[in-house]
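Below: the structure, in structure tokens.
The values are calculated or read from the model by the stated rules, or taken from the named source; none is laboratory data. All figures in this text were calculated on a predicted structure; none of them were measured in a lab. Reconstructed Cβ throughout: ideal geometry from the backbone, glycine too, with neighbour counts over all protein chains shown. Keep in mind that these areas ignore ligands, DNA and RNA; they rest on the heavy atoms of the full protein, side chains included. Shrake-Rupley method; radii C 1.70, N 1.55, O 1.52, S 1.80 Å.
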Amino acid sequence: MNVKKQIHIEYNFKILSRKLEKQLFPEFFTFELNSKILTMKSLHHVIPVVLILSLAACTSQPVPSDPKATPETVNLYRNLLKLQEQGMMFGHEDALAYGIGWVYEEGRSDVKDVVGDYPAVYGWELGHLELGDAYSLDSVHFDRIQGWIKTVYERGGVNTISWHLRNPLTGGSSWDTSSKEVVKSILPGGEKHEFYKTYLDKMANFLNGLKTDNGTFIPVIFRPYHEHTGSWFWWGKNLCTVEEYTALWRFTVDYFQNEKGIHHVLYAYSTDRFTSTEEYLERYPGDDMINLLGFDLYDRGPDYLPTMKNCAEMLTALASEKGKIAAVTEAGGPIAQNHGWWTGVLETLRPFDLSYFLVWRNPHQPAGHGAFAPYKGSPDSENFKEFYNDPKTLFQKEITRMNLYQ
Ligand code: BMA
């Protein structure tokens, strides 16, 4: 049977069995919703509940690190864990905002122009949100991004957020590495700590604004402080100590969860290229914070595919051991010159259980790089169609049917 068809059948079966479970064990589900009910029950009510709980424990399902994660976030987490064993979603940064030769055209995406389908994962960049600006460092309006995140959720796609936030100590950009004191200065007790909280407050407002019309929070994968194994951002390896970097993560997640009550976020830890599991984990903030393990890898020469293979191998082994989602969180290559780039990547990643592979943006303004995804008439289009048609890759139409939030 075609693998894609098989995935759909398995998913429908899963949803059906979950509905059945709910009908057979309504008490367990009530308990899950409100643990206080247990104390109010008389003993003969408690015994069946305990039995059912023991039964449930035997078949216990994975849970995200936030114990208060919303039901949709828990479902997304569980479904992504399961899905990565069956196929790899394709992602594109700013997919709905602009592409080669167009900006803000309703319903358009460069990828859709080539294969007639949207990506399954959509990346959104929120740099400059912290300044209170109306639009990002890539000139995309934040209110529009909120709208697209909602559109994507409604069609069953996955949203992931990156944040090239400004340097809170110097006022420079994310790439301002002139001081090694930045992370230290924004931690509790640091001279810029209160100022850093104003950055977080703006991000919290944005995240809290991600709601459906009936008030359900829309889960997102949030991937701050990425590529920290390199030293090109102010939070990079040579710019802060291990303790400072992990403390930055822990403070940030704690602030969002406990001060701002945000529970619809799955946190992603994503390095740049790495050569060992020890190196990968050196600055890991902890399993109690992180839900997704990722790495970013751009094609800068002939070692690309072997490096991709090594990193994917180490990453997926680690993710499986820890029970986390694994993904190539950013990638891109010389698709204008190498017209077999997509299938090269596909064959390299085929053996691994990766949730998604996301390519960076197709810039509508000068960016120092070309398009990372195919666009109408791009020379790699035929090769990308092969990538699209392969059973290993998943795009929007397939994952819409999988109801990742249920
Ligand atoms: C980089 C480039 C920049 C962009 C930044 C944030 O990789 O694409 O042009 O501003 O990402 O999206």
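Quick look at the values:
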quantity: Failed item, numbered, when residue 367 is tested on (1) exposed (fewer than 15 other Cβ atoms within 10 Å of the Cβ); (2) more than 16 Å from the ligand (Cβ to nearest atom); calculated: (2)
quantity: Residue count, the stretch 161-179 (criterion: surrounded by 14 or more Cβ atoms within 10 Å (Cβ to Cβ) and away from the ligand (no atom under 16 Å from the Cβ)); calculated: 4
quantity: Which listed residue is closer than 19 Å to residue 123 by Cα and surrounded by fewer than 16 Cβ atoms within 10 Å (Cβ to Cβ), from 376, 397; calculated: 397
quantity: The stretch 367-376: number of residues that are out of contact with any strand residue (DSSP E or B) (no Cβ under 6 Å at 6 or more places or on another chain) and closer than 17 Å to residue 95 by Cα; calculated: 6
quantity: Single residue of the stretch 350-360 satisfying the filter (within 16 Å of the ligand (Cβ to nearest atom) and surrounded by 24 or more Cβ atoms within 10 Å (Cβ to Cβ)) that is nearest to residue 320 (Cα to Cα); calculated: 358
quantity: Helices (runs of 4 or more DSSP H) lying entirely in the stretch 108-220 (those with 1 or more residues that are in contact with a strand residue (DSSP E or B) (Cβ under 7 Å, 6 or more places away or on another chain)); calculated: 110-115, 142-154, 193-208
quantity: Check on residue 185, within 16 Å of the ligand (Cβ to nearest atom), under 22 Å from residue 283 (Cβ atoms) and crowded, with 17+ Cβ neighbours inside 10 Å; calculated: no
quantity: Candidates 275, 271, filtered to the one that is open to solvent by 10 Å² or more (accessible area, probe 1.4 Å) and among the hydroxyl-bearing types (Ser, Thr, Tyr); calculated: 275
quantity: Enumeration of residues in the stretch 71-112 that are within 30 Å of residue 137 (Cβ to Cβ), surrounded by fewer than 24 Cβ atoms within 10 Å (Cβ to Cβ), more than 16 Å from the chain's Cα centre (by Cα) and more than 16 Å from the ligand (Cβ to nearest atom); calculated: 101, 102, 104, 105, 106, 107, 108, 112
quantity: Members of the stretch 284-329 that are among the basic types (Lys, Arg) and surrounded by fewer than 21 Cβ atoms within 10 Å (Cβ to Cβ); calculated: 300, 309, 322
quantity: Selection within the stretch 114-138 - away from the ligand (no atom under 14 Å from the Cβ) and either aromatic (Phe, Trp, Tyr) or buried (at least 18 other Cβ atoms within 10 Å of the Cβ) (or both); calculated: 114, 115, 118, 119, 120, 121
quantity: Residue list for the stretch 221-239, restricted to those being part of a loop (DSSP other than H, G, I, E, B) and open to solvent by 10 Å² or more (accessible area, probe 1.4 Å); calculated: 227, 229, 231, 232
quantity: Some residue of the stretch 249-268 being part of a helix (DSSP H, G or I), more than 24 Å from residue 80 (Cβ to Cβ) and either among the aromatic types (Phe, Trp, Tyr) or under 19 Å from the mean Cα position of the chain (by Cα) (or both); calculated: yes
quantity: Qualifying residue in the stretch 139-153 (condition: of a type in the set (Val, Ile, Thr), without any contact (Cβ under 8 Å) to a residue 60 or more places away in the chain and either more than 16 Å from the ligand (Cβ to nearest atom) or surrounded by fewer than 22 Cβ atoms within 10 Å (Cβ to Cβ) (or both)); calculated: yes
